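Notes to accompany the following structure.
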């Protein structure tokens, strides 16, 4: 197992936890929560693999189904402890975003895609699962709100690629890129740094 595989499993678990907790907040049953958690965990990677014209990663290995089941079990057993931490949903979502962005970029580079395609694939891998999760629970996707989300993914992806260009070891580059995403996501949330919102014409007339 290489570092990318580890990132993928950690990202799967983190995103599954995020999806399951969001589903729990909406009073989904265990099956519904599992479906939301699994969709959150594999959504971005599935879109990425289809665009790369390869078999979706989770169809080649049952471990991702098992990983989501472990996440569901974890939320059920440690529900009270998890709920005590108000920022649990945010932290797990940020971790999933950071790991999956780097995994998506690395897989795209393995398929000999150019830098700009790898960046887009990284963002898709990191963000599409969250979009699917929010649609399933009938919320406006976070990535479309004013929060720094996809931009954090873009930032970390660029840092990852710069590290590679300067000859840094692949493991070091992946870790630095993932940490960059996590730090920017957490920092922007703590400091309430947001992207400007689009205004309607009616807003200008108020």
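The values are calculated or read from the model by the stated rules, or taken from the named source; none is laboratory data. Small disclaimer: the values here were computed from a predicted structure and weren't measured. Positions of Cβ are backbone-derived with ideal geometry, glycine not excepted, and every protein chain shown enters the neighbour counts.
Odds and ends about this structure:
- Yes/no for residue 97 being more than 20 Å from residue 9 (Cα to Cα) and either in contact (Cβ under 8 Å) with a residue 24 or more places away in the chain or not in a helix (DSSP H, G or I) (or both): no
- Residue pairs meeting the criteria (Cβ under 7 Å; at least 6 apart or on separate chains; first in contact (Cβ under 8 Å) with a residue 60 or more places away in the chain, in the stretch 1-23; second buried (at least 24 other Cβ atoms within 10 Å of the Cβ) and outside any helix (DSSP H, G or I)): none
- When the stretch 142-190 is limited to residues that are within 24 Å of residue 22 (Cβ to Cβ) and assigned to a loop (DSSP other than H, G, I, E, B), the one that is modelled with the lowest pLDDT turns out to be 146.
- Among the residues listed as 35, 47, the single one being in a helix (DSSP H, G or I), in contact with a helix residue (DSSP H, G or I) (Cβ under 6 Å, 6 or more places away or on another chain), modelled with pLDDT of 95 or more and within 24 Å of residue 140 (Cβ to Cβ): 47
- Taking residues in the stretch 51-68 that are part of a loop (DSSP other than H, G, I, E, B), and partners anywhere that are surrounded by 12 or more Cβ atoms within 10 Å (Cβ to Cβ), the pairs with Cβ atoms closer than 6 Å and at least 6 places apart or on different chains are 52/111; 56/46; 56/49.
- Residues within the stretch 89-110 that are under 14 Å from residue 48 (Cβ atoms) and either touching a strand residue (DSSP E or B) at 6+ places or on another chain (Cβ under 9 Å) or surrounded by fewer than 23 Cβ atoms within 10 Å (Cβ to Cβ) (or both), tallied: 3
- Residues satisfying the stated conditions in the stretch 38-50, i.e. surrounded by 22 or more Cβ atoms within 10 Å (Cβ to Cβ) and either free of Cβ contacts under 8 Å to residues at least 24 places away in the same chain or closer than 18 Å to residue 7 by Cβ (or both): 40, 41, 42, 43, 44, 45, 48, 49
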